[in-house]
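Participant: Next up is a structure, given as structure tokens.
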Amino acid sequence: MIRKTGFYNTANLYIIIIILIILASQSYITLSSAAADNSALMKLISQNEDSRMGVKDLAFFLVTHDFDAFPKKDHVEVKIDDIVYVLVPNGQYPGLANVTVASL
């Protein structure tokens, strides 16, 4: 009779450790991507240009870059550290939008 419990317990332990490592790394990636700040927002807005970008397009672009953006009627609101920034698409001018602070 072959004793199988030692091998299977070790294999199960390795599987559990691998799963925990994967879960921990996914949590770290999620936290680091959510840490957006106003300098990253300004850099993103100033380094990109699209004269045809409207409010919905701008909000979508910002959300895909991990910003908390909400399209409104004629502007996009971005909330970073309890500060609300108002972004108005600027058409043919440099950058994607004009940025102002709505509330501190």
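The values are calculated or read from the model by the stated rules, or taken from the named source; none is laboratory data. Small disclaimer: the values here were computed from a predicted structure and weren't measured. When we count neighbours, we look across all protein chains shown, and the Cβ atoms used for this are built from the backbone with ideal geometry, even at glycine.
Participant: Consider region 72-94. How many of its residues are in contact with a strand residue (DSSP E or B) (Cβ under 8 Å, 6 or more places away or on another chain) and not aromatic (Phe, Trp, Tyr)?
Facilitator: Residues of region 72-94 in contact with a strand residue (DSSP E or B) (Cβ under 8 Å, 6 or more places away or on another chain): 74-79, 83-90.
Pick out the ones that are also not aromatic (Phe, Trp, Tyr) and you get 74-79, 83-84, 86-90.
Here the count works out to 13.
Participant: Yes or no: Leu62 modelled with pLDDT of 90 or more, in a helix (DSSP H, G or I) and closer than 18 Å to Thr100 by Cβ? First the steps, then the outcome.
Facilitator: Details: modelled with pLDDT of 90 or more: yes; in a helix (DSSP H, G or I): yes; closer than 18 Å to Thr100 by Cβ: yes.
Here the answer is yes, as Leu62 does meet what is asked.
Participant: Go through (1) at pLDDT below 90; (2) surrounded by 14 or more Cβ atoms within 10 Å (Cβ to Cβ) and name the single condition Val84 misses.
Facilitator: Val84 satisfies every listed condition except (1).
Participant: Moving to a separate point now. Filter region 50-79 down to the residues that are crowded, with 16+ Cβ neighbours inside 10 Å and within 14 Å of Ser39 (Cα to Cα) and list them by number.
Facilitator: Leu62, Phe67, Val78
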